[in-house]
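This report refers to the structure that appears directly beneath it.
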Amino acid sequence: MNRTELEALLKKLQSELASGQPVDDELRASLRKLDEDIVQVLGAGSPLSDTENDESLAQRAQEIDARFSAEHPYLANTLRDVMELLGKMGI
């Protein structure tokens, strides 16, 4: 798995967000922050070195996934793909 694939999945998620049902501001802000953190990790050229940050990123992704599953099931599969790829990349 590579960064190009992750970036493609993130773009797909952004596209689905833009074309789907409205997402509340709190969830949108959580997603934006998660996206920023993922981009930061990708820009660093290596996975986060701090285990606490790794867990925080994964935990936040899981929490967002739970909300998407309940409120926006059409987005849940793409977000799960992102989470799976992050795990395979060691992020």
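Take 77-84, 21-28 and order them by the average number of nearby Cβ atoms within 10 Å per residue, most first; the result is 77-84, 21-28.
Using a simple charge model, +1 on the beta-carbon of Lys and Arg, -1 on the beta-carbon of Asp and Glu, nothing else, what dipole does the stretch 3-89 show about its Cα centre, in debye to the nearest 20?
Once rounded to the nearest 20, the dipole reads 300 debye.
Would you mind giving the three semi-axes, in whole Å and largest first, of the ellipsoid equivalent to the chain according to its Cα gyration tensor?
Numbers: eigenvalues 91, 39, 26 Å².
Taking √(5λ) for each eigenvalue gives 21, 14, 11 Å, largest first.
Placing R0 at 22 angstrom, the Cβ-Cβ distance between Glu26 and Asp81 gives a FRET efficiency of 0.45 after rounding to 0.05.
Coordinate-derived values only; no laboratory data. What you are looking at is a predicted structure, and each value in this text was computed from that prediction instead of being measured. Backbone-built Cβ (ideal geometry, glycine too); neighbour counts: all protein chains shown.
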